[in-house]
Each structure stands twice: as structure tokens, then as C-alpha cells.
Amino acid sequence: MISRRTFDGLLGAGLPVFEAGPAIVAQAAASEASRAPGTKPGAPGIGKGPRSTDVKIEELVYEYEAHRYRAPYKFGAAIVDRTTLLNVYCTVSNRAGKWAQGYGSMVMGNMWSWPAPGLSYDATLNAMKLLADKLAKLTRAYPGYAHPLDMNRALEPEYLKAAAEIKVGDPVPKLCTLVTASPFDSAIHDAFGKLYAVNAFNGSGKEFVKYDLSHYLNKDFRGEYLDPYVLPKPVEKITIYHSVGGLDPLTAAEVQKPIADGLPEILADWIRYNGIRALKIKLAGNNLAWDVDRVVSIDRIAEETQTARGLKDWMYCVDFNERCPNVQYVLEFIHQVKEKTPRAFARITYLEQPTARDLAKDRANVMFEAAKLKPVVIDESLTGLDMLLLARDMGYSGIAMKACKGQSQSLLLAAAAQKYKMFRCVQDLTCPGASLIHSAGLASHVPGTGTIESNGRQYVPAANQGWEDRFPGIFKVKDGYMRTYTLNRPGLAAV
């Protein structure tokens with residue numbers, strides 16, 4: 001684990017060099033000639049030959065950063081009271097000998113990405129740390145020059161193989177591997193953008209990438225590049241969703257032990273403090289009466305508070321965290337909410353991941369009827385294009401994008417969701433600091449999003465210290481909006 005203060009010195013002194021093994025060399029070579037899923041054999045995406053802008057990895061180091069929550073956060077069956085950030089620092093160079101340093105950061109999120117009842121919090125976190133070390137070695141060993149998208153395409157299969165080697169009782173899920181790998185991918189994109197003085201969301205278009213999108217997605221994208229799927233400049237501002245966790249007190253009477261740290265502790269105070277215009281309501285998913293009553297109670301408080309503020313328009317989303325037994329539960333929930341509080345029903349913008357994340361094991365449990373009433377999006381299920389297409393076939397109408405699944409995947413699946421006319425939203429996995437800036441960059445550069453879940457300020461504000469004054473528009477929210485126009489700097493715009 002390397003501290004950021006010593007990063008420059010280590011680069012100058014040199015670190016151990018890992019030789020590229022045959023597997024990763026083969027993967028890199030295969031990336032040059034492989035076909036995109038859905039294309040005919042021998043028909044790769046349209047290529048333009050080696051790009052002078054391709055880069056190679058000169059060095060990569062990482063560190064961990066741990067924080068305690070100011071209050072526990074309950075989502076689904078999980079209760080989280082701490083977080084560990086994985087911070088990655090990467091240097092890349094081009095054929096002309098120019099170089100740049102990049103930075104990627106992401107919360108490990110083991111309780112979300114690896115829900116394993118038989119394993120402790122420390123067991124899954126330590127396994128992810130072991131995996132991070134393996135991924136660092138694989139990433140350092142990437143041979144030759146390439147664009148970050150092509151590096152990720154070659155590295156991901158090797159990342160998954162490395163994850164399969166870790167034995168702690170349960171196999172490491174793919175989602176968990178993506179989360180662990182995301183800061184490595186982000187750091188490379190960040191360095192690439194800084195090298196060419198371009199924002200990372202605009203550094204994967206036709207000017208820089210060798211292949212068209214069919215190489216990474218499928219034949220529907222033949223001849224297309226990311227440029228039309230990403231805004232050239234971030235939008236001026238985006239609406240934040242304030243999370244109402246399953247344990248969060250709604251009223252003063254529910255506060256059992258005051259935190260007394262100067263921040264709000266009940267919903268009405270949070271609404272006033274940040275000027276909240278959107279609420280993300282975490283539900284049980286297996287207790288219909290509680291779920292309906294929770295929405296009714298929250299709506300009543302929001303109505304009183306927003307009316308007093310003179311605000312007429314606000315919105316909700318509801319997240320079941322894959323706990324609903326079936327779509328009938330979802331339909332009954334919608335019916336009862338609409339019956340008891342029509343105004344709350346009207347304000348619901350989407351329903352998130354109602355049932356279990358493994359869609360392939362539950363093909364009969366489709367969402368067509370629910371999606372006629374409100375957009376239904378996948379979150380935990382979204383681990384690649386295959387899952388996006390499967391969800392679409394099962395009646396889901398949208399996706400929840402997260403920077404914790406990697407910059408490369410986020411860009412590609414954002415394009416796929418737009419192509420297939422799916423609803424899009426962005427969430428942040430309780431991201432603080434640079435990881436929140438990355439998430440905000442995603443929300444402000446992908447057309448049709450306009451909102452972001454942002455709850456690090458609620459649960460782990462200590463991790464934002466040092467960032468608020470540098471990015472006040474992101475971290476100091478007073479009217480319910482993040483000011484994202486500043487996220488047009490080179491790379492991921494955080495450092």
C-alpha cells in the first residue's frame with residue numbers, strides 16, 4: 001500500500017516490474033483480432049490501424065483509505081457502518097515519450113457487491129484486497145501500447161480468472177471483481193485524458209479509438225463510435241437523490257441516540273439543509289405493509305417540508321435492493337401506494353432492482369407489467385452487455401449506471417442503453433471524494449440522466465474533507481443540485 005505523498009518518489013526510484021505472462025499477452029493479441037459479440041466469425045469491428053495516441057503503462061501503485069460512517073446505512077438486508085477506498089495511481093506514456101499520471105478511486109463496497117451470509121465483512125473485504133493485489137500485477141503487466149478501452153477488454157477476462165483463484169468459501173462474484181477493478185480502469189482513463197488534455201468522457205471517441213463500437217458491443221453498433229453517445233461538455237447541473245436508508249429516522253421521535261455532529265439527523269432537516277428535490281427510498285422488499293407505509297410516511301414529511309419551502313415539484317425513486325420475491329409483490333406495492341397516496345405514486349420516477357440479481361436463473365419472473373406503470377431498472381444485475389440485453393428481454397426498461405463498474409463499461413453500456421432506448425440513471429455506492437466526482441462526471445456527460453444518487457455527505461462526510469473547498473459545486477449542495485460544469489477538465493477532472 002503506497003501513500004499518495006510518496007507516489008512521485010516511487011516512480012522516480014522505480015518499482016518492481018512484472019513481466020507479461022503468456023495469458024495476458026494472448027489476451028492483448030486477441031483484442032486486436034477478436035470479433036464483437038453478435039457479429040459473424042472473422043468479422044471484427046471496423047479498425048483503423050495502430051493509433052499514435054495509444055499508451056502503455058509505465059507504473060501503477062495503490063493504497064487503501066478507511067473511514068467510519070457517522071450513522072449506519074441500511075439497504076436491503078445489509079447494514080453498513082464503515083467503508084474502505086481503493087486509490088490507484090497510474091503513469092502512462094505514448095510513443096513520443098510523453099507521460100502523464102492518472103488517479104482512480106472507488107469504495108470497495110463488499111457488502112453490496114458480495115452479499116455472502118456465510119462470510120464476515122472482514123472476510124470479503126480481505127478477499128477483495130487480495131484480488132486488488134492480483135489485479136495490480138496483471139494491469140502493470142499489460143504489454144505494449146493500446147487505448148484504455150482495449151486494455152480493459154483484454155484485462156477483464158484475466159481479472160475474472162484471478163478472482164476465481166481466490167478461495168474463501170463462496171466464489172468471488174463478477175460484480176465484486178468489477179468493483180475491485182474499477183479504480184485501475186479509471187486511473188488509466190484519467191492518465192490518458194491528462195496526457196492529451198481531453199476529458200476522459202471524450203477521450204474514447206473516433207479520434208482516439210482504433211475500433212468502432214461493434215468490437216466492444218455487437219453488430220448493432222457497426223460503424224459507430226462513442227462520440228454521439230457522450231456529451232462534449234458536462235451539463236451545468238444535476239439533481240441529487242438524497243437516500244433514505246432503512247434505519248434512517250424520519251422524525252425527532254425516532255432518534256434514539258443523537259449524533260450531535262452539526263449535520264441533520266431527520267428527513268425534514270436534511271431536505272432544508274441541502275434543498276433536496278429528490279429522495280431515494282430504500283425499502284425492505286419482503287415486507288409489503290412496511291414498504292407501503294414507509295413511502296406514505298416519507299411523502300407526508302416531504303409534502304409538509306417542501307410546501308413550507310414553496311417547492312411544488314420534487315420526485316422519488318424506490319429501491320428494493322433485489323429483495324422482492326416476485327413481480328407480483330412489485331405490482332401490489334405500486335397498487336397500494338397509488339391507492340393510499342396518489343401524489344407519491346405520481347412522483348416516483350423509477351423502481352430499482354426489485355428481484356434477485358441473477359436474472360438468468362429467474363427468466364420467468366418478467367417485469368413487463370410493472371414497467372408499463374414506472375420504469376424498472378437493473379443495478380446489481382448489470383455486469384455487462386449480456387445482462388443488459390437479457391434484462392431488456394425480460395421487460396426491464398432501464399439501467400442504473402455506476403462508476404464502480406469501471407469507466408470502460410460505463411461508457412459502453414451508456415451507449416447501449418441509448419441505442420436501445422432504455423431509461424438511464426446514475427448512482428454512487430456511497431462514494432466520497434474523487435469517486436463521487438467520477439460518478440458526477442458520468443451523470444453529467446451521459447445524455448438523458450440528469451440525476452445522481454449522492455449519499456456520502458450523509459453517511460461518511462469525513463471522507464469528503466479536503467474535497468469540499470476544491471469542488472464546492474459538487475460537495476456543498478444547498479439547492480438540491482450539483483454544479484457539474486467544472487467537470488470538463490482533463491481526465492476524470494478530480495486531480
Has the stretch 202-220 got at least one residue that is touching a strand residue (DSSP E or B) at 6+ places or on another chain (Cβ under 9 Å), closer than 17 Å to VAL92 by Cβ, crowded, with 22+ Cβ neighbours inside 10 Å and at pLDDT 95 or above? yes
Which of the numbered conditions does ASP362 fail, given that it passes all the others? Conditions: (1) in contact (Cβ under 8 Å) with a residue 24 or more places away in the chain; (2) charged (D, E, K, R); (3) within 24 Å of GLY109 (Cβ to Cβ). (1)
Within the stretch 469-483, of all residues that are surrounded by fewer than 14 Cβ atoms within 10 Å (Cβ to Cβ) and free of Cβ contacts under 8 Å to residues at least 60 places away in the same chain, the one nearest to GLN458 (Cα to Cα) is PRO472
Give the number of residues within the stretch 137-153 that are touching a helix residue (DSSP H, G or I) at 6+ places or on another chain (Cβ under 7 Å) and either assigned to a helix (DSSP H, G or I) or farther than 27 Å from SER214 by Cα (or both). 8
Would you mind finding the one in ARG323, ARG300 that is surrounded by fewer than 17 Cβ atoms within 10 Å (Cβ to Cβ) and either touching a residue at least 40 places away in the same chain (Cβ under 8 Å) or not hydrophobic (A, V, I, L, M, F, W, C) (or both)? ARG300
Matching residues, the stretch 457-485, being under 16 Å from GLY441 (Cα atoms) and not in a loop (DSSP other than H, G, I, E, B): PRO472, GLY473, ILE474, PHE475, TYR481, MET482, ARG483
Give all pairs with beta carbons closer than 8 Å in which a residue from the stretch 404-420 that is on the phi > 0 side of the Ramachandran plot meets a residue that is not hydroxyl-bearing (Ser, Thr, Tyr); count only pairs at least 6 apart in sequence or on separate chains. GLY406/ASN152; GLY406/LEU178; GLY406/ALA181; GLY406/ASP185
Among residues belonging to the stretch 371-387 that are more than 12 Å from the chain's Cα centre (by Cα) and buried (at least 23 other Cβ atoms within 10 Å of the Cβ), point out the one that is nearest to ALA344 (Cα to Cα). VAL376
Being in a strand (DSSP E or B) and over 30 Å from GLY245 (Cβ atoms) is the filter here; which residues of the stretch 69-102 pass it? TYR89, CYS90, THR91, VAL92, SER93, ASN94, TRP99, ALA100, GLN101, GLY102
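Which one of LEU436, LEU412 is among the aliphatic types (A, V, I, L, M) and either over 25 Å from GLN465 (Cβ atoms) or in contact with a strand residue (DSSP E or B) (Cβ under 8 Å, 6 or more places away or on another chain) (or both)?
Result of the check over LEU436, LEU412: LEU412.
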First in the stretch 242-265 and surrounded by 14 or more Cβ atoms within 10 Å (Cβ to Cβ), second anywhere and aliphatic (A, V, I, L, M) and assigned to a helix (DSSP H, G or I), Cβ under 7 Å, 6 or more apart: VAL244/LEU267; VAL244/ILE298; LEU250/LEU267; LEU250/ILE298; LEU250/ILE301
Yes or no: ILE437 under 27 Å from LEU331 (Cα atoms) and β-branched (Val, Ile, Thr)? no
Of everything in the stretch 327-361 that's exposed (fewer than 14 other Cβ atoms within 10 Å of the Cβ) and within 25 Å of the chain's Cα centre (by Cα), which residue is nearest to LYS402 (Cα to Cα)? ASP358
Which one is nearest to THR124 (Cα to Cα), of the residues in the stretch 92-109 that are buried (at least 22 other Cβ atoms within 10 Å of the Cβ) and of a type outside the set (A, V, I, L, M)? GLY109
Single residue of SER444, SER439 found to be at pLDDT 95 or above, of a type in the set (Gly, Ala, Ser), within 15 Å of ASN202 (Cα to Cα) and buried (at least 19 other Cβ atoms within 10 Å of the Cβ): SER444
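The values are calculated or read from the model by the stated rules, or taken from the named source; none is laboratory data. Model, not experiment: these values are computed from the prediction. Quick reminder, even Gly has a Cβ in these numbers, built from the backbone with ideal geometry, and neighbours come from all protein chains shown.
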